[in-house]
Amino acid sequence: MHLPFSTQSVLRQLWRVLLYVGLVLPLGVWAQAEVVLDAQSWRQDLWPAVQVLPDATGSMDIAQAQAAAADFAPPQTARSTLGMRSEPVWLRIPVRLAPSAGTDWALELDYPVLNRLDIYLVRDGQLLQQALLGNLHQNLERPRAARSPTMSLRMQPGQAYTLYIRVQTSGAMVLPITLNTQSAFLEHALREQMLQGLMLGLSLCLLLYSLTHWVGVRDPLFLKYALIVVGGLVFSLLQFGVGAQYLWTGNLWLELHLAALSALASTCGFFLFFEHVLAGPVAYRHFSRAMRAGALACVLVALVYALDLLSTRAVSPLVGLLGALPSLLALQPAWHRVRQRSAMGIYLVLGALVYFLAALTMVGVVYGVVGVNFWTHRHCWTC
C-alpha cells in the first residue's frame, strides 16, 4: 500500500524513535574505578562506579560484603536499573574526595518504592555511618521530609570511602543514585516537588473535567476516561513518593499493592475507552468482545493480587502484557478512521502509539533493558 508522503515521514520518524528507545537508551555509561568529588561537584551520578554482588542466600552482612569486595562486578544491565531480582543485591561504590571538596553530602536513591535499603559508609575497613531506609521501613514518629530515600553523609576532603548498599525489593531494582551537596539536594528537591505539583494538578483537572462532563451529559465515555486518569494519578503519587510523604504514610499494604492496582485500573480504562470510541463498522470482528475481555482480565488480576494470591513479582509481567494490549488492539480500527480522514482517528492513532511506547519503555526499565534518565524515569505521566 502506497502511503502519502506526509504519512511516510511520520512513520519514518516513529521508527527512529523506536530505534532510539531500543538501542540508545539501554546503553550504560563507561565504568569508572571510583567517583571523585571536588569543589565543582554538585549532583554526582554514582552509577558509573557501581559494582554489584547478588546475595543468593539473603544472609550476607556488611562484614561479609567487605570481605567479598573482589567478587563485586560492574552491572550487566542498562543504566541505573538492575531489573527484576528475586534475591537481595549488594552495591559497592568507591568514592574519593579531592582536597577541595566539601564535607556534607546527601546520598539520594531517586526511586521511592524500593522496599528496603541498608546503607553503610566505610573508610579503611571501619564502619562510620549506617542507615535503614525504604518504603516499608518508614519512621512513623518522624515522617520523611524527602520523597525518596535519602541519607546525610559527612566525609572528609582528601579521603577515600566506600559506600555499600544492600537492596531488597519485591518490584524492580531501579537505582538512580546520586551524591549531592546540601544546596544541590535542596534545589533538586524543590524543583521536583514543583514539577510533581504541576503534573498532579493537571491530572486532577483532567479528572474534574471528565467527572463534570459525565454528570452533565451522562455519557459513559467520560467515566471511562476518568478511570484512566485515576489510575495514572495514583500510580504517579506512589512512584514519585508524594503519596507516602503526604497521604498514606506508614500504610504498608498500599505501598506494596498500589503500583500494580493503579496500573491495572488505568489499563482497564483504556480497554473500555478504545472500545467505546472505535466499536462499529470499521472495527474488526470481535473487537468489542476482545476489548471487554481485556478489561475483565484487568479486574480479575487486580482482585487476585489485592487478595495476595499473586506476588508482586508474579503480577508484574501480567501488568506489562495487559498494559501493551489496548493500544495494539485499537490500532487497526483507529487506522481505518485515519484513512477515512477522521480527525478523531488521527488523534487516537497518535495517542495509542504514544501510550504503547510509554508502556514499552516502562517494561524495559522494569526488566533492566532500558536505561533510566529524566524521561524514562517519568514515563508514567505518558501512560
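The values are calculated or read from the model by the stated rules, or taken from the named source; none is laboratory data. This is a predicted model, so every value here is computed, not measured. Glycine gets a Cβ as well: all are built from the backbone with ideal geometry, and neighbour counts include every protein chain shown. The area values use the complete protein model at the heavy-atom level, side chains included, leaving out ligands, DNA and RNA. Shrake-Rupley method; radii C 1.70, N 1.55, O 1.52, S 1.80 Å.
Observations on the model:
- Only residues that are hydroxyl-bearing (Ser, Thr, Tyr) and within 24 Å of Tyr111 (Cβ to Cβ) were counted across segment 212-255, and they come to 3.
- Single residue of Leu261, Leu272, Leu278 found to be buried (at least 24 other Cβ atoms within 10 Å of the Cβ) and closer than 21 Å to Gly323 by Cβ: Leu278
- Of Ser183, Ser203, all but one fail to be part of a helix (DSSP H, G or I) and closer than 16 Å to Trp42 by Cα; the exception is Ser183.
- Selected residue (criterion: nearest to Val174 (Cα to Cα)) from residues of segment 46-59 that are open to solvent by 30 Å² or more (accessible area, probe 1.4 Å) and touching a residue at least 40 places away in the same chain (Cβ under 8 Å): Gln51
- Counting only residues that are open to solvent by less than 80 Å² (accessible area, probe 1.4 Å), touching a residue at least 12 places away in the same chain (Cβ under 8 Å) and either touching a Phe, Trp or Tyr at 6+ places or on another chain (Cβ under 6 Å) or not in a loop (DSSP other than H, G, I, E, B) (or both), segment 284-298 holds 8 of them.
- Residue in segment 153-168 that is closer than 20 Å to Val89 by Cα, not in a strand (DSSP E or B) and not aromatic (Phe, Trp, Tyr) present: no
- Unmet criterion (only one of (1) of a type in the set (Asp, Glu); (2) in contact (Cβ under 8 Å) with a residue 40 or more places away in the chain; (3) under 23 Å from Gly125 (Cβ atoms)) for Asp71: (2)
- You will find that of Val229, Val234, the residue that is closer than 21 Å to Leu353 by Cβ, of a type in the set (A, V, I, L, M) and in a helix (DSSP H, G or I) is Val229 and no other.
- Inter-residue pairs, beta-carbon under 7 Å, first touching a residue at least 12 places away in the same chain (Cβ under 8 Å) and on the phi > 0 side of the Ramachandran plot and in segment 229-246, second open to solvent by less than 10 Å² (accessible area, probe 1.4 Å) and of a type outside the set (Ser, Thr, Tyr), 6+ apart: Gly241/Pro112
- Top-ranked residue of segment 299-333 - restricted to ones that are of a type in the set (S, T, N, Q) and more than 27 Å from Thr169 (Cα to Cα), ranked as most open to solvent (accessible area, probe 1.4 Å): Gln332
- Considering the conditions (1) over 30 Å from Trp253 (Cβ atoms); (2) in contact with a strand residue (DSSP E or B) (Cβ under 6 Å, 6 or more places away or on another chain); (3) polar (S, T, N, Q), Thr77 is excluded by exactly one of them, (1).
- Selection of strands (runs of 3 or more DSSP E) fully inside segment 67-131 by the criterion of at least 3 residues being in contact with a Ser or Thr (Cβ under 9 Å, 6 or more places away or on another chain) and open to solvent by less than 30 Å² (accessible area, probe 1.4 Å) returns 89-97, 104-109, 116-123.
- Residue, surrounded by the fewest Cβ atoms within 10 Å (Cβ to Cβ), within segment 144-160, restricted to residues that are at pLDDT below 90 and among the small types (Gly, Ala, Ser): Ala145
Quick grid of which residues meet (1) aromatic (Phe, Trp, Tyr); (2) open to solvent by 60 Å² or more (accessible area, probe 1.4 Å):
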| residue | (1), (2) |
| --- | --- |
| Tyr164 | yes, no |
| His188 | no, no |
| Glu192 | no, no |
| Gly201 | no, no |
| Leu204 | no, yes |
| Val215 | no, yes |
| Gly231 | no, no |
| Leu237 | no, no |
| Phe240 | yes, no |
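- Single unsatisfied condition, Leu140 versus (1) modelled with pLDDT under 95; (2) hydrophobic (A, V, I, L, M, F, W, C); (3) crowded, with 20+ Cβ neighbours inside 10 Å: (3)
- Filter pass, Leu318 being among the hydrophobic types (A, V, I, L, M, F, W, C), modelled with pLDDT of 90 or more, within 30 Å of Glu87 (Cα to Cα) and not in a helix (DSSP H, G or I): no
- Scanning segment 334-352 for residues that are part of a helix (DSSP H, G or I), open to solvent by 50 Å² or more (accessible area, probe 1.4 Å) and in contact (Cβ under 8 Å) with a residue 40 or more places away in the chain yields His336, Met344.
- Scanning segment 256-273 for residues that are closer than 24 Å to Asp308 by Cβ, more than 14 Å from the chain's Cα centre (by Cα) and in contact (Cβ under 8 Å) with a residue 60 or more places away in the chain returns Leu256, Ser266.
- A single member of Ser316, Ser327 is over 17 Å from Phe271 (Cβ atoms) and either in contact with a Lys or Arg (Cβ under 6 Å, 6 or more places away or on another chain) or of a type in the set (Gly, Ala, Ser) (or both), and it is Ser316.
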